[in-house]
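Data first, discussion second: the structure below is written as structure tokens.
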Amino acid sequence: MEKNTQKSKEQLQEEARIQFYGAVRNKNSYPLTDNSIAQAIKIIAISEIVLGIILGIIFANQEDATSLRHETSFRWSIAIIWWIATFIFGFLILGFSEIIRLLHEINEKNNLIKK
């Protein structure tokens, strides 16, 4: 008996919501589509971070031009500069992709409510 009463309350609430908003709500969870732009930017950001770490190591290994033996030495200052710049820029791009993903999710939910 309570189930019938509960259903009728839910149906009344749904009808009132439809009258107020003029839209039908989807009973399923929001079926969001993947945003390919956000995914592409995320891949670019991750690859930029990985390549920046590798290039920091490569550019920090410099040959000493003054010695006749061509010794290589690791310059920590160059590596740290590359790594810091890479992390800052990479995470800014990663944050930008997250903002695009969230805006896409909000847009999808708003479009479902309006339908």
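The values are calculated or read from the model by the stated rules, or taken from the named source; none is laboratory data. Since the structure is predicted, the reported quantities are computational estimates derived from the model, not experimental observations. We place every Cβ from the backbone using ideal geometry, glycine too, and count neighbours over all the protein chains shown. Accessible surface areas use protein heavy atoms only, side chains included; no ligands, DNA or RNA. Shrake-Rupley method; radii C 1.70, N 1.55, O 1.52, S 1.80 Å.
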Next on the checklist: Being in contact with a Ser or Thr (Cβ under 6 Å, 6 or more places away or on another chain), at pLDDT below 90 and open to solvent by 100 Å² or more (accessible area, probe 1.4 Å) is true for just one of Glu63, Glu10. Which residue is that?
Outcome noted: Glu63
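What about Thr86, is it modelled with pLDDT of 95 or more, at negative phi and in contact with a helix residue (DSSP H, G or I) (Cβ under 8 Å, 6 or more places away or on another chain)?
Details: modelled with pLDDT of 95 or more: yes; at negative phi: yes; in contact with a helix residue (DSSP H, G or I) (Cβ under 8 Å, 6 or more places away or on another chain): yes.
Yes.
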Checklist entry - Mind checking whether some residue in segment 78-92 is over 17 Å from Gly56 (Cβ atoms) and surrounded by fewer than 14 Cβ atoms within 10 Å (Cβ to Cβ)? => result yes
